[in-house]
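Here's the structure we're looking at; comments come further down.
The values are calculated or read from the model by the stated rules, or taken from the named source; none is laboratory data. On a predicted model such as this, the values are computed, not experimentally measured, just so you know. Cβ coordinates were reconstructed from backbone atoms using ideal geometry, including for glycine residues, and neighbour counts include every protein chain displayed.
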Amino acid sequence: MGNTVTSENAKELPTSEQLLGMYERMLLIRGVEKQLSADFKAGQLPGAVHLYVGQEAVAVGMCEHLHDSDWITGTHRGHGHYLAKGGDPRPMLAEIYGKANGICQGMGGSMHVADFSKGIVGANGIVGGGLAITAGAALAANLEAKGQVAVCFFGDGAANQGVFMETLNVSTLWGLPMIFMCEHNTYSEFSPTDTVTAGELADRARAFGMPCTVVDGNDVTEVWKAAGAAVARARDGDGPSFIEAKTYRIHGHIEAEVHFLSSTYRDEEEIERWRQRDPIDRLKAQLLSSGAADDAALEEIGTRVQEEVTAAEEFAQAGAPASETLVFDLMSVGQNH
Amino acid sequence: MAKKRYMQAINEALIEEMERDPKVILYGEDVEISMFGDTTGLLDRFGPKRIWNSPICEATLTGMAVGAAAAGYRVVLHLMFSNFIYTGFDAIANQMAKLRLMTGGQVKLPITVLAGYGAGSSNAAQHSDTPYPVLLNVGGLRVAVPATPADAKGLLKEAIRGDVPTFFLEATGRGGEQGEVPDEDYTTPFGVASVLQEGKDVTIVSMGTMVKPAIAAAKMLGENGVEAEVLDCRTLVPLDEDSIVRSVEKTGHVVVVDEARDRCSAASQIAAVIADKAFHALRSPVKRITVPDVSMPYAPNAELVVIPDANRIVDTVRALLAD
């Protein structure tokens, strides 16, 4: 994936080729999430889905700097992280469908999509659950000393978990190659962030002396620049960094919420305001105005992405039901393996 | 064979496994100085890239074990007192026990968690628990409760070599106890109970800290003509159900001695297994000898009242046989 950004060129801008690559991945995430939203509405998904629509620039801007050998952990809203890191959409959709050909053989589902061959340790159903796991992967990377880094995507909600403070401490103390990629998407489930969070999140990380950057999370170039500096620092052995990307969750906390919430918790006007700042639309406008691409080129990308989404959907629907005995094999404590 | 102390045997197991596999790493609170003596000398021997002190932050330490193991290391995490399992429980129950399943088997988690447990030293309620019942219920975790130096060494080596997250709970108060330990490289399998004493009249099932009072009780019973068979479970997950059932089929009477609180204890589980699989052989009810459902008091005299001892075992057995 992507090019390695070293300390020397971290402040540079992404090339047109990189921007086009990021555009395609953001479009893929959007396409998959829209497909899943439709699938959910059609009653085709066995479980809940938390969609990443509106936040695509964060995962893509970060993962552009990462290799397969680097580790990431995601959140319950984790499809975007998986796809941005190079995960295959076909077994991801199959996983969400609970099929045997799912990336986790139907044992994990939407909140646990993982592909270790791509360094995707996995999404996580526990808010803040990825922080310590990432620190552990960063610890391993440190011991290996091969320049690997570990990135934790977590939300503003997770920043209120005690383990956030603990991992800020331990990663700084031990100089771990870890990046805290905080996605401030304005809501902690159904609660506006400012009703559950005191102070500025970056100040919490700043207290530990690590570099902290607050960026517009709907501007992929801004995310890319901050991520590049943080990844370069980690690869160089200079320790952790914190990035807060201010963004917005366009869809609800979960797709099912319209069925069980008795009242609304945000108004259409607010959502529309953020739609005007859509990260994909902004990148598209940038690509066109800079001459990096024309309408025909972007349309070609759009067609290609749609084909990929359709293929993933077909792959998922055609999959056999998950094994009903695998759970016993995987949870066996009978003997050493 | 040579006589060794319990903690010395654990220390030897750690040294041997760290020498055997360079991927074995060990961290935890104050492991460099070693409060219990089990990690003594490891820093000098293996250096700070293999063993190091951590901050006091169990929620992170348990989660880091998952991440480091998933990334290829064989992690030994020392939690000091086993009450701190509760402090680090989220990553234990929600990540460590479940990640292999949730990833469809993409990952193995070779993690061994060490912690001392048990009461009897006036450490008060927050440092005296026997917390394995919660671990037994999680699924996906192995639990070892060795009682002798030989089993401690063999089970720890087996735990570290395994790929399933394993809790190795040290009978801390028994750290000074001596026992014969084989000289050669050996491991002790999980899920195999040991019969410490054979007898035909009653079965005493014991584990960990309760093995010693069980043996003492058997001796007292023997002086009065009652031949007790004493089993040491050695591991609670997996549990050697067959050996327990076999013994009960022979004796027809059974008591289960456990330092956990009574409700949903290991003894409760073992009693349920006996009721299920050896009901035909029972000539009296299965009796659990456990800590009442209270937290551990501090005062030594108050503590002794709630911890099962040889007298309680003897009295319970006599009542069973008299009926």
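Which residue out of A:LEU139, A:LEU131, A:LEU143 is under 14 Å from the mean Cα position of the chain (by Cα) and not aromatic (Phe, Trp, Tyr)?
Going through A:LEU139, A:LEU131, A:LEU143 in turn, the sole match is A:LEU131.
Between a residue in the range B:191-219 that is without any contact (Cβ under 8 Å) to a residue 60 or more places away in the chain and any residue that is part of a loop (DSSP other than H, G, I, E, B) and surrounded by fewer than 20 Cβ atoms within 10 Å (Cβ to Cβ), which pairs come within a Cβ distance under 6 Å, given they are 6 or more apart or on different chains?
Partner pairs satisfying both residue conditions: B:GLY191/B:PRO238; B:GLY199/B:GLU227; B:LYS200/B:GLU227.
Mind checking which residues of the range A:93-114 are within 24 Å of B:GLN95 (Cβ to Cβ), in a helix (DSSP H, G or I) and touching a helix residue (DSSP H, G or I) at 6+ places or on another chain (Cβ under 6 Å)?
Hits for the range A:93-114 are A:ALA94, A:ILE96, A:SER110, A:HIS112.
Working only within the range B:41-60, note down all residues that are β-branched (Val, Ile, Thr), crowded, with 19+ Cβ neighbours inside 10 Å and outside any strand (DSSP E or B).
Listed by number, the list holds a single entry, B:THR60.
Quick check, is B:ALA71 in contact with a helix residue (DSSP H, G or I) (Cβ under 6 Å, 6 or more places away or on another chain) and within 12 Å of another protein chain (Cβ to nearest Cβ)?
Criteria met by B:ALA71.
Being of a type in the set (Val, Ile, Thr) and farther than 30 Å from A:ASP39 by Cβ narrows it down to one of A:VAL223, A:VAL258, A:VAL231, so name that one.
Checking each option against the conditions leaves just A:VAL231.
Would you kindly identify the strands (runs of 3 or more DSSP E) lying entirely within the range A:126-242 that contain at least 1 residues that are within 9 Å of chain B (Cβ to nearest Cβ) and in contact with a strand residue (DSSP E or B) (Cβ under 7 Å, 6 or more places away or on another chain)?
Fully inside the range A:126-242 and qualifying: A:150-155.
Among the residues of the range A:267-295, write down those that are at pLDDT 95 or above and either in a loop (DSSP other than H, G, I, E, B) or among the polar types (S, T, N, Q) (or both).
Hits for the range A:267-295 are A:GLN276, A:ARG277, A:ASP278, A:GLN286, A:SER289, A:SER290, A:GLY291, A:ALA292, A:ALA293, A:ASP294.
Collect the residues in the range A:315-333 that are surrounded by 13 or more Cβ atoms within 10 Å (Cβ to Cβ) and either more than 10 Å from every other protein chain (Cβ to nearest Cβ) or in a loop (DSSP other than H, G, I, E, B) (or both), keeping them in residue-number order.
Residues satisfying the conditions are A:PHE315, A:ALA316, A:GLN317, A:GLY319, A:ALA322, A:SER323, A:MET331, A:SER332, A:VAL333.
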